[in-house]
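The next block holds one structure in the form of structure tokens; read it before the comments.
The values are calculated or read from the model by the stated rules, or taken from the named source; none is laboratory data. Everything numeric in this text was worked out from a predicted model, so none of it was measured. Cβ sites come from the backbone with ideal geometry, for glycine too, and all protein chains shown count toward neighbours.
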Amino acid sequence: MDITAEVGSRIRYHRKERKLSQEELAERSGLHPSYIGQLERGIKKPTIDSLYKITKGMDMSISDFLKDLEIVDKDSENFAVKSYLLIEQEQASDQRHLFDIIKQIIALKSN
């Protein structure tokens, strides 16, 4: 995953966690809704200024937004980090289900 895709994924994740539409986030941040969508899809790279506006629009700091940012090369063998990045994008209730599934698979493997 590249940095542009990771940042876009984080914007989408935090926006949905706050139950905001792209339009609501755009209004809060003073940006255009289509720009928010392009960022989330990894089409556009955000400037520091727009990232600041977006994080403020979600009532969070840039440092919290970028906390634990881990860029994983698509050819990397670090599947634990890749798994985390995939699960992190899901809603909290879905994260719990995915975690339970992983635990069950590991339990089956050790039997």
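Of the residues Asp94, Asp64, Asp49, Asp100, the single one that is within 13 Å of the chain's Cα centre (by Cα), exposed (fewer than 13 other Cβ atoms within 10 Å of the Cβ), on the phi < 0 side of the Ramachandran plot and assigned to a helix (DSSP H, G or I) is Asp64. Does Ser34 satisfy the condition of being among the small types (Gly, Ala, Ser), out of contact with any His (no Cβ under 9 Å at 6 or more places or on another chain), modelled with pLDDT of 95 or more and farther than 14 Å from Ala5 by Cα? Here the answer is yes, as Ser34 does meet what is asked. Step by step: first the residues of the range 1-24, then only those that are more than 16 Å from Gln38 (Cβ to Cβ) and assigned to a helix (DSSP H, G or I), then the one that is modelled with the highest pLDDT. Which residue is that? Ranking the candidates gives Glu24 first.
Pairs meeting the criteria (first residue in the range 40-53 and of a type in the set (A, V, I, L, M, F, W, C), second residue exposed (fewer than 14 other Cβ atoms within 10 Å of the Cβ), beta carbons under 9 Å, at least 6 apart or on different chains) are Ile48/Ile62; Leu51/Ile62; Leu51/Leu66.
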